[in-house]
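What follows is one structure encoded as structure tokens, with my remarks underneath.
The values are calculated or read from the model by the stated rules, or taken from the named source; none is laboratory data. Just so we're clear, the structure is a prediction, and the values are computed from it rather than from any experiment. Neighbour counts run over all protein chains shown; Cβ positions are idealised from the backbone, glycine included. Just so you know, the surface numbers come from the protein's heavy atoms only, side chains and all, with ligands and any DNA or RNA stripped out. Shrake-Rupley method; radii C 1.70, N 1.55, O 1.52, S 1.80 Å.
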Amino acid sequence: MTEPIFDVQRLGYKNGSNQILQGITVQIEKGANLTIAGPSGSGKSTFLRVLATLLTPTEGVVKFAGKKQSTYPKPVYRQQVSYCFQQPTLFGETVRDNLQFPFEIRNQKFDQNKALAGLDSVELKAEMLDQPIIELSGGEKQRVALVRNLLFKPQVLLLDEISAGLDVDTKGVVHRLIQSYRESGVTVLSVTHDESEIAAADDLLRIRDGKIEVPAHE
Amino acid sequence: MNNLIVSPTALAFAVILVVIALAINLKEKIGLERDMIIGVIRAVIQLTVVGYVLTYIIRVNRVWLTGLMVAIIIFNAALNANKRANGIPHAFVISLLAIATATLITILLLVVAGAVRFTPSQIVPISGMIASNAMVAIGLAYRSMNTSFHDQRQGVLERLALGANLKQASKHIVQMAIRTGMAPTIDSAKTVGIVSLPGMMSGLIFAGVDPTKAIMYQIMVTFMLLAATSIGSVIACYLAYPRYYNSDMQLSDRNGSKQQ
């Protein structure tokens, strides 16, 4: 059996007196496509944020690729475990500012062709590169944000209800892109409320009241 | 310079100006009368005390005493800048370091250049000008950082999630804070002589100094304040922005976060 990409042991997260996650133990295989479902407020997003190191667990251990999460330098880890927000914020003035950022933080020169290929992968036109972000629709913003996350291929993609509120066509574009990354070996963990996504899940992890309800099936 | 005489009677009459300001304040229900009265009383007491202290310091002309006075000015400026920090951890120490560095570097350069002499009559007032301008700049920069880290929390979170280090995640906020801190000094440098005749130059002309000489001093002061506010703002902002994060490179909860 290969080493899991995530080995989560007795994970707990408490915010003040509010116990949000409790006793979560799960192993996630490399290349898995895990769907995380559960009622609102059950702790799904918190779980994803803990995996992304945007929150620090108050109990238990999370291992990534065999090493404790805490042993990785955070920027290195987060570039490999890429978290996509449900309602992303684009920054700067234009789409270009957003697609430049992943290059900037890696001290690399902006590769315009790579950025344009990224836009094309989510069916956005090349002219959009210099479009002001205030002119974008919600679906376009979500797609630009996704490209921003995927310009440099991560090992893991954490998707926090990113298709919620998108129209059917945009959902299709986003799903196709994610599918292509899965096929290239990227581990995908997605939080969703969407019944069709839950029904189509390869592996399902249900969280209720901060605990795993049904373990992911192998 | 003896043509500059403000008699106690003249000062008493000047109180009428304060009464006018108070009357407007009361009529318009602005609610600042208490602060105005406290401000006036404090100004009278503080300036009277400092007048006697300065007279003594200038008369005895001791390096250590001049240094002590400069240190007191810097300390008070840091205390005041700290009040604007609105909870930024270690803001007093950061402000003290920033104001002290800005003041000492600027004074050192002025003394080395021969623009001022190391005498209490020159060093103390100039330190006061530098420290107070740096204090205002740092206070504005803190306020800008607090607002930006609060309003742009999601943007900062996204930058962190993409793998930015703290400097990369905060760069836009720090730049904005430095700009905000320096804006009054830059605006005043742009309009000096056209809109405002600054205090030092006006004071010198008022006291009978040749206006061309007064203007040369004012040019020096303008340069000096530009340097001091930029040094002060940069040091304060770069020392303060990491305080918005915890040791796990996450935004601290002090700006309000929520999980679900």
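One table, with the values for the structure above:
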| quantity | calculated |
| --- | --- |
| Residue within the range B:205-213 that is out of contact with any Pro (no Cβ under 9 Å at 6 or more places or on another chain) and surrounded by 16 or more Cβ atoms within 10 Å (Cβ to Cβ) present | no |
| Residue count for the range B:225-256, restricted to those that are of a type in the set (A, V, I, L, M), open to solvent by less than 20 Å² (accessible area, probe 1.4 Å) and within 14 Å of chain A (Cβ to nearest Cβ) | 1 |
| The lone exception for residue A:45 - which of (1) facing chain B (nearest Cβ under 10 Å); (2) in a loop (DSSP other than H, G, I, E, B); (3) in contact (Cβ under 8 Å) with a residue 40 or more places away in the chain it fails | (2) |
| Output for the range A:1-50, where each listed residue is more than 19 Å from residue A:69 (Cβ to Cβ) and open to solvent by less than 20 Å² (accessible area, probe 1.4 Å) | A:35, A:37, A:38, A:42 |
| Residue that is farthest from residue B:236 (Cα to Cα) [pool: residues in the range B:95-105 that are open to solvent by 10 Å² or more (accessible area, probe 1.4 Å) and in contact with a helix residue (DSSP H, G or I) (Cβ under 7 Å, 6 or more places away or on another chain)] | B:105 |
| Where a residue in the range A:102-129 is of a type in the set (Ser, Thr, Tyr) and its partner, wherever it lies, is open to solvent by 50 Å² or more (accessible area, probe 1.4 Å) and not in a loop (DSSP other than H, G, I, E, B), with Cβ under 9 Å and at least six apart | A:121/A:176; A:121/A:180 |
| Exclusive hit being more than 29 Å from residue B:126 (Cβ to Cβ), surrounded by 10 or more Cβ atoms within 10 Å (Cβ to Cβ) and of a type outside the set (Asp, Glu), set B:44, B:15, B:50, B:40 | B:15 |
| In the range A:200-212, the residues that are at pLDDT 85 or above and farther than 23 Å from residue A:2 by Cβ | A:206, A:207, A:208, A:209, A:210, A:211 |
| Helices (runs of 4 or more DSSP H) lying entirely in the range B:117-208 (those with 3 or more residues that are under 25 Å from residue B:245 (Cα atoms) and away from chain A (no Cβ under 14 Å)) | B:120-151, B:166-191 |
| Single match in A:190, A:180 (criterion: at pLDDT 90 or above, of a type in the set (Ser, Thr, Tyr) and assigned to a strand (DSSP E or B)) | A:190 |
| Yes/no for residue A:38 being within 14 Å of chain B (Cβ to nearest Cβ) and modelled with pLDDT of 95 or more | no |
| Residue pairs meeting the criteria (Cβ under 7 Å; at least 6 apart or on separate chains; first in the same structural domain as residue B:41 (by TED's automatic domain parsing), in the range B:7-28; second open to solvent by less than 100 Å² (accessible area, probe 1.4 Å) and part of a helix (DSSP H, G or I)) | B:18/B:40; B:21/B:36; B:22/B:33; B:22/B:36; B:25/B:33; B:25/B:36; B:26/B:33 |
| Helices (runs of 4 or more DSSP H) fully within the range A:51-149 counting 3 or more residues that are open to solvent by less than 50 Å² (accessible area, probe 1.4 Å) and within 12 Å of chain B (Cβ to nearest Cβ) | A:74-80, A:95-105 |
| Inter-residue pairs, beta-carbon under 6 Å, first open to solvent by less than 50 Å² (accessible area, probe 1.4 Å) and in the range B:75-93, second aliphatic (A, V, I, L, M) and in a loop (DSSP other than H, G, I, E, B), 6+ apart | B:91/B:85 |
| Subset of the range A:70-86 (residues that are out of contact with any strand residue (DSSP E or B) (no Cβ under 6 Å at 6 or more places or on another chain) and among the aliphatic types (A, V, I, L, M)) | A:76 |
| Long-range neighbours under 8 Å by Cβ, at least six apart or interchain, first residue closer than 15 Å to residue A:200 by Cα within the range A:172-184, second open to solvent by less than 40 Å² (accessible area, probe 1.4 Å) | A:175/A:163; A:178/A:157; A:178/A:159; A:178/A:188; A:178/A:190; A:182/A:31; A:182/A:33; A:182/A:188 |
